[in-house]
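Here's the structure we're looking at; comments come further down.
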Amino acid sequence: MRTPRVLALGMATLVLVGACSSGGGASSAPSTAPSTAASAPASAAASAAAKADIKIGSDNFYESKLMGEIYAQVLENGGYKVERKFGLGSRQQRIPIMDAKGIDLVAEYVGSGLGNYDKTKITGDGQANADALQAILKPKGITVLGISPGQDQNAFVVRSEDATSKNLKKLSDLAAIQDTLKWGLPADCDTNPLCSGALKDYGINYPPKQRTALGACDVPMAQALQGKAIDVAELCSTQPAIVQFGFVVLEDDKKTQPAENIAPLVRDDYLAKVDAAAFKALLDAVSAKVTTEALTQMGKEVAIDQKDVKDVAAAFLKAQGLIP
């Protein structure tokens, strides 16, 4: 359903009707919320700042557009004039546009964003990924703002009734019963360290005896789990099917998957035009409210309920007290 994120196991942007960065219900969020985020009133934090017009971009999947819209609306409420340049394409297409000053701000998944430049630096810690990404982007004149507690990462998922009856809460719980389960795994699992490597870290023999090759984070994978053709599925952690069908995301207790918290990237030449501290506080206040659960629910509203992205973003911001 997503635009391919670096090292992600599948696509995640297809709609489950008759979309999921990258991407996180059960994973514990890194300690990342900026100290200013909780206290900055979103409607007033930038009231005294210069209000230079801003161009906000997004990649070409709904969650990226949704985050762009969330940031756009809170900035508009703060007095900024926003030009939306959504759906620019993949990360590889969007980066040159930002480098050329075609956009000033974009929401990024810090794990995949980092991996685009250096895969060896990716970790399961969102702040560590953000810090490493900042070091890479500094010479390009781009600043990484505060990351969200929510993230969209690769996830192993089970049906709620199995989670209850088999006492499944984390990936470690699967090892003892692995031969009794039917596994839904992507076709490239053999060569993907985030699939075969992760399972081996948990003592799960790979490939399991019962395996169906399906696209990770894709509609058929979710449908196979719901229809009991498989018992374990690889999805993206904010995939709408999780809330649609009440699936349980198992905790990645060994942190085998890259942390994919979301952060705004903003050009330094834009920050030079405004009160940078107030601008950062305004957006940090928004990011601090973006949980995995909120991303999943908003994804369902956009991809399954077919609600307009602008309406979903506005409802979220109003519920969080970030816009009136």
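Miscellaneous remarks
- About its Cα centre, the dipole of region 114-271 is roughly 160 debye, where the only charges are +1 on Lys and Arg Cβ and -1 on Asp and Glu Cβ.
- Surface accessible to a 1.4 Å probe, residue 228 within the full protein complex, Å²: 110
- Between residue 120 and residue 140, the FRET efficiency from the beta-carbon distance, with R0 = 30 Å, is close to 0.95.
- Antiparallel content of DSSP bridges confined to region 153-301, in %, to 5: 50
- Region 110-227, relative contact order [Cα under 8 Å, separation at least 6], %: 18
- Long-range tail of P(r) for region 162-210 (Cα pairs > 15 Å, %): 43
- Within the accessible area of region 82-234 (1.4 Å probe), percent carbon and sulfur: 49
- Relative contact order, percent, region 179-249 [alpha-carbon distance under 8 Å, six or more residues apart]: 37
- Options 274, 287, 225, ranked by Cα towards positive dipole end of region 196-324, top entry (Cβ charges): 225
- Across 101/300; 101/138; 121/273; 65/200; 170/228, pairs whose alpha-carbon gap is larger than 27 Å: 101/300; 121/273; 65/200
- Over all directions, the projected convex hull of the C-alpha atoms in region 266-324 averages 4.9 nm² in area.
- Additional length obtainable on full extension of the chain from residue 201 to residue 51, 0.36 nm per residue less Cα span: 49.0 nm
- Backbone N under 13 Å from the residue 229 label point (7 Å along Cα→Cβ), restricted to region 159-201: 183-185
- Spin-label pair residue 93/residue 305, simplified geometry with 7 Å Cα→Cβ offset, distance in nm: 2.9
- Counted residue by residue at 0.36 nm each, then reduced by the alpha carbon distance between them, the extension gain from residue 84 to residue 245 reaches 54.7 nm.
- Relative packing of peptides 278-286, 194-202 - highest average C-beta neighbours within 10 Å first: 278-286, 194-202
- About its Cα centre, region 180-222 has a charge dipole of approximately 220 debye under the convention of +1 per Lys or Arg Cβ and -1 per Asp or Glu Cβ, with nothing else charged.
The values are calculated or read from the model by the stated rules, or taken from the named source; none is laboratory data. These numbers come from a predicted model, not from an experiment. FYI the Cβ positions are ideal-geometry reconstructions off the backbone, even for glycines, and counts take in every protein chain you see. Each accessible area value is taken on the protein alone, full model and side chains, heavy atoms only, with ligands, DNA and RNA left out. Shrake-Rupley method; radii C 1.70, N 1.55, O 1.52, S 1.80 Å.
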